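The structure appears below as structure tokens.
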Amino acid sequence: MTNPLRLVLVLHQHQPVGNLEAVNEEIYRDSYLPLLETLAEYPSLPVNLHVSGSLVDWLSARHPEYLHRVRELVTAQRIEILGGAYHDPILPMLSHTDRRGQIDTFGRRLGQLCGVRPRGMWLAERIWEPSIAADMAACDIEHTVLDDYHFHAAGLANDRLRGYYLTEAAGQLVALFAGDEQLRYLIPFAEPEETIAYLRGIAQATPGAVMVYADDAEKFGSWPGMRERVYERQWLRRFLAALTAHADWLRVTTLGETIDHVPPLGKVYVPEGSYREMDTWSTLSSGSSRPQGTWRNFRVKYPEIDEMYCRMLAVSRRCEAAAAEADDDPTVAVVREAQQALYRAQCGCAYWHGIFGGVYVPHLRQAVYQNLIEAEKHLDTAAGRSEPWLSATIDDFNLDVHKELQLANSKLSLFLAPEAGGSLYELDVRETGSNLLATLARRPEPYHPQPSATATSDNEATTQPLVYDAHCRRSLLDHFFDASATLDEVAMNRAIERGDFVQGRYRARLRRTGEGVCAQLARAGHLWGRGVTVTKEVTLWAERATMNVHYELTGLPPGQPLQFAIEFNFAGFPPGTADRYFVDARNQVLSDLGRRVDLPAAPSLRLVDRCQGLDVSLAVSEPAGFWAFPILSTSRSQRGLETIQQSVAVMPHWRIVGDATGRFAVDLQLSVVTSPAGSHPALALRPVPQQAVAAAAPRTADSTVRYVIDSAHEQIAPKSATATPTRYMYGL
């Protein structure tokens, strides 16, 4: 065999931090295990394999035999293992310290597992920027794979990509291979003969060419219909047999072997970019004929991503400072635990949106916050922070040039945005590692159906129309509606906003109040064209999982009936299960968390989640009506359009008329009680007034859509519906 075409098969396996146990098991059964077993039957066909650190951790706990088999194949030189950043983060969003920390930590882990450290690495989402080369070289990584699309941006046509190039940063060289887009669409979707014909044409035109197929292993069995195609109809065996049959001109090899025996084509500097689809998804203009997207613009399209990102950066800075100050072995060990939690929080899947859900998947967002909170708790320990403690901080936490406020103790951490309606945009329960406000606003997407159409949930048509939000679904948002406004109008965003407070700018200051700290937020705004001032004081004390809010409205129009409502949005409370429900002041269960609730004058409303061990109570000093309704988004996955419950909106509201002085005041108390998961006392279902459960929400879309946070707890659904988890199957 003289001057053969070299074909490199690079397979990427990854499931994100926080993914559902049931989904991981399904993908392991349908894709990872049969793929490895089938490849092992063809000893002349080596492959490059990347198994992400988060998946390695899961496999170590659930299927160590899989990793043992991988090690055997690595030892036999049947697999050339690829490293990467440990939890598959988007590298441009990390500091250089975190990039190198993730790459080096994973390299050491793979060295222990496989007996050899990786020479090359997988680049998450193939999101590249030139400075990454220096980070790779610093961790003894020689090469990685981009898409041919990256090289096109540097001016190289396909006929100049039949090998690999060197690139340089800070005087360090690494090799860049170009994954072929045509191969990515042929394998495993076309018949093997089509791929062979394509490769033969290249071999004839360019003797000695190097062709790289680099893609996600989930396509080999986990995508819809692919298990039947790849394994039951024997596509994979037919493909591997075809490669073997053409060994006279086609050599299947690895990236490392290619570098060892083939000289580079030259040097190139590839600009920032990703694969073609990612550029389309991240562009800010859906009508652009040539999308020039950048991953960073996901932080513009989805402010919730930006909030996670900025929060992650703050924890990263604390970790780096703590590592520099650690002066004894116990402290170093605690800081290392904080760094590992930070690395898990940097898993890239929740920081973008394409066909795979990403930020739309609630349990992935919660996993980010859970690990950030865990990292902070370790850092508090390393700093010797003793309880009880209480802090109040003013800083630009979300990097928008405006100052935000943080009130925190050992139980809760509150973040307030004066410039955005004086809203509460993050509420961390430190004991459970939950951000109760990690929700997502409903936004139009290019793939959404026309307004007259309906979305699809659980493969069934729903009657839920698409509803979009004019603002982020935060908490402590102040609404003024007509006195006649109804739950249905508010839930469907049809109620007319009579004030300018929801997104208005509030003045803010911090002060001490007894043993607590108080953030005072005030806005002189307008209501029906009349000047009205809203003042809210948020108070937190040490060692209490309770937040008190005092509201005072002044300048109300005399004799003008109106409805004042305060919006809260609680995330992480999935619908349609018997152990998650609303509870009224009489300890009666009203409904599951996927239905609308319309309580008349009541002193409180609770959201109970026995699965997570969370009990959130919202109590008021003046009896209020309580509206509660699910926030349902529609996003795209491999299975089509899916409806997901992002949060539960709870709105205490009062029909008021200003007194002689035009004043109204009320106090709210938000309390969180935690208990070991599953141990919260069960409450028996009792008859409740039918008017409490809104007739406007029949058991259709609001109740049949569901996802699973913890697969260890059985999902209990009405007989007319089937509980189906919101899936996150990684891979394009």
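The values are calculated or read from the model by the stated rules, or taken from the named source; none is laboratory data. All of these numbers come straight from a predicted model, not from anything done at the bench. Methodologically, a virtual Cβ is constructed for each residue, glycine included, from the backbone with ideal geometry; neighbour enumeration extends over all protein chains shown. The area values use the complete protein model at the heavy-atom level, side chains included, leaving out ligands, DNA and RNA. Shrake-Rupley method; radii C 1.70, N 1.55, O 1.52, S 1.80 Å.
Structure data summary
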| read-out | value |
| --- | --- |
| Cα-based shape type of the range 349-420, given that a ≥ b ≥ c are square roots of the gyration tensor eigenvalues and the cut on a/c is 1.5 | oblate |
| Furthest towards positive pole of dipole, LEU466, LEU284, ASN398, structure part the chain, Cβ charges | LEU466 |
| Calculated diffusion of the range 588-673, Stokes-Einstein form, Kirkwood radius summed over Cα pairs, 20 °C and 1.002 mPa s, µm²/s | 141 µm²/s |
| Cα-based helix-to-principal-axis angle, 64-75 vs the chain, degrees rounded to 10 | 30 degrees |
| 0 to 90° range, to nearest 10: angle between helix 192-205 axis and the chain longest Cα axis | 60 degrees |
| Mean ellipticity per residue at 222 nm, deg cm²/dmol - from DSSP H runs of n ≥ 4 across the chain, formula -39500 (n - 2.57) | -7500 deg cm²/dmol |
| Sites matching GluC sites (Glu not before Pro) across the range 499-569 that sit in DSSP coil, with at most 16 neighbouring C-beta atoms within 10 Å | GLU515, GLU543 |
| Per principal axis, descending, Cα span of the range 616-666 in whole Å | 60, 23, 12 |
| Nearest 10 degrees, 0 to 90: helix 53-62 Cα axis against the chain principal axis | 90 degrees |
| Relative contact order (%) - criterion: Cα under 8 Å, at least six apart; region: the range 1-100 | 32 percent |
| Whole-number Å³ per residue for the convex hull built on Cα positions in the range 152-265 | 127 Å³ |
| Cα gyration tensor category, rounded, prolate or oblate, for the range 26-142 with a/c compared to 1.5 | prolate |
| Probe 1.4 Å, protein heavy atoms only - accessible area per residue of the range 198-346 in square angstrom | 44 Å² |
